[in-house]
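Structure record follows, encoded as structure tokens.
Please treat every number below as a calculation from the coordinates, not as lab data. Computed from a predicted model, the values in this text were never measured in an experiment. For neighbour counting, all protein chains shown are included, and Cβ atoms are generated from backbone atoms with ideal geometry for every residue, glycine included.
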Amino acid sequence: MRIHDAADVQYLLKKTGRILSPNQRIVVMLYASSEQRPDGTVMIKASTLAATAGMTPPVLSRTRKELLEAGWLEVTGSVGSVKHYRLAPALFEDRGQAGRHLRAVGG
């Protein structure tokens, strides 16, 4: 899932409301709005993501772990000890084909 317009932002806010904590919602929005590879993987360093979100790296790491355990994020690979993540595509199937493939458009 990649954010491209206001409708995508509103969709994610509705999808995550009353389900995720505020920090979890911020991290989901951060991953959805970040530059992604065609498979949806975000290759940006955790320290950069944390700074963008106004979080400390440990808070981002803990929140990302919570989202991984809840099925919102997936590990797509690693380089050494550095893991790469993406939003779980299955969570956005309610948007149909467009929802599953938004991350591959315009990114």
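Enumerate the pairs (first residue in the range 30-46 and without any contact (Cβ under 8 Å) to a residue 24 or more places away in the chain; second residue anywhere and hydrophobic (A, V, I, L, M, F, W, C) and part of a loop (DSSP other than H, G, I, E, B)) with beta-carbon separation below 6 Å, excluding pairs fewer than 6 apart on the same chain, so at least 6 apart or on different chains.
SER34/ILE44
Name every residue in the range 32-72 that is among the acidic types (Asp, Glu) and surrounded by fewer than 15 Cβ atoms within 10 Å (Cβ to Cβ), in order of residue number. First the steps, then the outcome.
The first filter runs over the range 32-72 and keeps only residues among the acidic types (Asp, Glu), leaving 35, 39, 66, 69.
Of everything in the range 32-72, those that are among the acidic types (Asp, Glu) and surrounded by fewer than 15 Cβ atoms within 10 Å (Cβ to Cβ) turn out to be GLU35, ASP39, GLU69.
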